Every structure is written in C-alpha cells, then in structure tokens.
1. Take the stretch 145-172 and flag every residue that is part of a loop (DSSP other than H, G, I, E, B) and in contact (Cβ under 8 Å) with a residue 60 or more places away in the chain.
2. Contact list please: Cβ distance under 7 Å, first residue in the stretch 86-100 and closer than 16 Å to E295 by Cβ, second residue in a strand (DSSP E or B) and open to solvent by 30 Å² or more (accessible area, probe 1.4 Å), pairs at least six apart or on different chains.
3. Being in contact with a Ser or Thr (Cβ under 6 Å, 6 or more places away or on another chain), open to solvent by 40 Å² or more (accessible area, probe 1.4 Å) and either charged (D, E, K, R) or touching a residue at least 24 places away in the same chain (Cβ under 8 Å) (or both) narrows it down to one of S24, S39, so name that one.
4. Looking only at the stretch 214-249, count how many residues are open to solvent by less than 40 Å² (accessible area, probe 1.4 Å) and either touching a residue at least 24 places away in the same chain (Cβ under 8 Å) or closer than 24 Å to A124 by Cβ (or both).
5. Could you count how many residues in the stretch 286-305 are surrounded by 15 or more Cβ atoms within 10 Å (Cβ to Cβ) and under 23 Å from S85 (Cβ atoms)?
6. Of everything in the stretch 61-100, what is assigned to a loop (DSSP other than H, G, I, E, B), open to solvent by 40 Å² or more (accessible area, probe 1.4 Å) and over 18 Å from G123 (Cβ atoms)? Give them in sequence order.
7. In contact (Cβ under 8 Å) with a residue 60 or more places away in the chain and in a loop (DSSP other than H, G, I, E, B): does that describe A44?
8. Here are some conditions: (1) assigned to a loop (DSSP other than H, G, I, E, B); (2) on the phi < 0 side of the Ramachandran plot; (3) of a type in the set (G, A, S). G182 meets all but one. Which one does it not meet?
Amino acid sequence: MLPCLLTVIAAVAVASSASAATYSRTSNLVGQSFLDAFSWQAIADPTNGRVNYVSEATAQADNLVAVSGDQVTLRADSTTTLSASGPGRNSFRLESNAQFTTHVAVFDIAHMPQGCGTWPAVGANWPNEGEIDIVEGVNDQSPNQSTLHTSANCTMPSSRAMTGTSTGTDCDVYDTNNEGCGVRNDDTESYGPDFNGAGGGWYAIERTSTFIKIYFWERGSALVPSDVIYPGTTVNTGNWGTPSAYFPNTDCDFSTHLGPQNIVINLTFCGDWAGNSAVYAASGCPSTCVDYVNENPYAFASAFFEFNSLNIYE
C-alpha cells in the first residue's frame, strides 16, 4: 500500500524498549467513540484506485457507515453501475485524529472487505513518517501481508524471529517500486474470504524505538492471549508468543525513518496493486479490474469492514 494507519494515548510501563512490556490502556474505541476518533478523508486516492472517497455526511446519507451497539461497519457502494468517464466507486478513507509512537494497538475485526478488485488496508501514514501496513491484500488473495515502507537506507535481516515469511528485506520504496519489505502471514485465515469465514480475528501491533511486531490470531484459536480476547486496562506483550511479522532496527534507524503516525483505514479498488494487470489476472478475477468494478456493483455487497473494537495502550 502507500497511505495507511495507527493510534494511541497515555502512559506506559516499559521494562525495556527491546523487550516485552506491560502497557496501560489509553483508548477503548467501540461504536460511536470509534468513529469519533477518526476523520473522513474525501481526497484523491494516493494509490490511483478506481475509488471515490466520500465525506462522512455522504457516507451517512448512502448507508456506507453504521453503528450497532459496539460494532462499526464501513462499506463501499454496492448498488451503482459506474460510468467509465465518471468517478470511481464510493468508499471510505478514515484517518485517526491522534498520532502514536511507542504503543500497542489491538484491532478486533469481525469482517474485512472481499471481492475481485478490492484493496482494503489498515496501517500508518506514508510518506513523510514511514508507513506500517498491518492489514493489506488484494483480490481475495490470502494470506495477509504486513509491510514496512520507508525512505532510503533501511533494511531488515533475512532471518528473524517471526512466524511469517519475508517477501523482501529492502524497505526503501524508491528501491522497490513502493513494495517495501513485506512479511506474508503463515495463516491462510488471516485475510479475505477465509478470514471472514472464520469469523474474523485480532490484529495487533507493538511499536517501540527498537522494533515493530505485528500479531494475528484467528477467531476461536486457542492461542489468543486472554488480554486480547478480554481487553482490560493493561496488556502484557510478553505473553503473546512469536509475532507474525517482526521488524527490528538492526539495519534501520527508526528515529529517522519512522515518526509519529496516524491510523488509516481505507478501501480502494484496482489501483497500483490490485489493478496491476498481472496481479489481477493471476487472481483469477474476470474482465479487467476497472471494467469489473464499474459494471458489477452487487459484487461488492461483501466489501465492508466490521470492527468490534480498537484498544490502544501506551
């Protein structure tokens, strides 16, 4: 991805920046409080997608956003056939009002967007302060990929303590045509229809001055930590096991490559990744990406996020 997400607030008890820590909760975002923590960005898509990011007022009027108890739903339009000469499919791009550095964020996600041409993401702001993609994928192609995008002179070790598989060690977007240094999750239920079929799950990020760790647990797994299932006033990441993705500062100066970051949640269509002709064709999707998105609105009935909660700890 290119633009992405993250958020956090108050005090943290850190044993050491290089080791697991106990963090104190600063935000418990559910229902309307979740939406209140974000601003809608009706902007041109930085990834050149076939999308029209709408304002909150438009999203409300068109039923693209809903709150039901603690749960928040964010969806794309699934009723309008698009003109080839008109704007893209109406969708959402939210950015957190707060910024975060050292923190833990736990996303309880019940459903993520699926469908040919979709490119959903949850991550952190690029390009000025680096980008951390927590959840990202295209065209229903599981598993999830988590990626670090930076400026020059930032690399990752080829071998490191994580369950995922490295897709590249050079994080410099200018060296890698914006691909960055990705890690492919080892769990097929970490993305798309398989994720939704399992009832979703939890994604978490731990960011310190010396490392970034990203975790995933599918719904119903016996390995989900109790402080993730039942969020309280603190979390102890020392009980979370091996992360799915691990980005140490061994050969990357985080102080110059990563600044304070906002959480971004968005859904685009086609664009630089999902719409790449080779990527789209390899996914087994029909027609061309843009034509499919334009002409098949009902194919996007399942193009929505459902968030149960977002808990932030510092």
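The values are calculated or read from the model by the stated rules, or taken from the named source; none is laboratory data. Quantities reported herein were computed from a predicted structural model and do not represent experimental measurements. Heads up, the Cβs are rebuilt from the backbone with ideal geometry, glycines too, and the neighbour counts pull from every protein chain shown. With ligands, DNA and RNA removed, areas are computed over all heavy atoms of the protein, side chains included. Shrake-Rupley method; radii C 1.70, N 1.55, O 1.52, S 1.80 Å.
1. Taking the stretch 145-172 as the starting set, the residues that turn out to be part of a loop (DSSP other than H, G, I, E, B) are 151-154, 156-164, 167-169, 171.
Hits for the stretch 145-172 are S151, N153, C154, M156, P157, R160, A161, M162, T163, G164, C171.
2. Filtered contacts from the stretch 86-100: P87/N52; G88/N52; R89/N52; N90/N52.
3. Just one listed residue meets the conditions, S24.
4. 17
5. The total comes to 12.
6. Step one: of the stretch 61-100, the residues assigned to a loop (DSSP other than H, G, I, E, B) are 62-64, 69-70, 76-88, 92, 97-99.
Next cut, open to solvent by 40 Å² or more (accessible area, probe 1.4 Å) only: 62-63, 69-70, 79-81, 83-85, 87, 97, 99.
D62, N63, G69, D70, T79, T80, T81, S83, A84, S85, P87 - these are the residues of the stretch 61-100 that are assigned to a loop (DSSP other than H, G, I, E, B), open to solvent by 40 Å² or more (accessible area, probe 1.4 Å) and over 18 Å from G123 (Cβ atoms).
7. Considered against the rule, which asks whether it is in contact (Cβ under 8 Å) with a residue 60 or more places away in the chain and in a loop (DSSP other than H, G, I, E, B), A44 comes out as no.
8. Here G182 meets the rest and fails (1).
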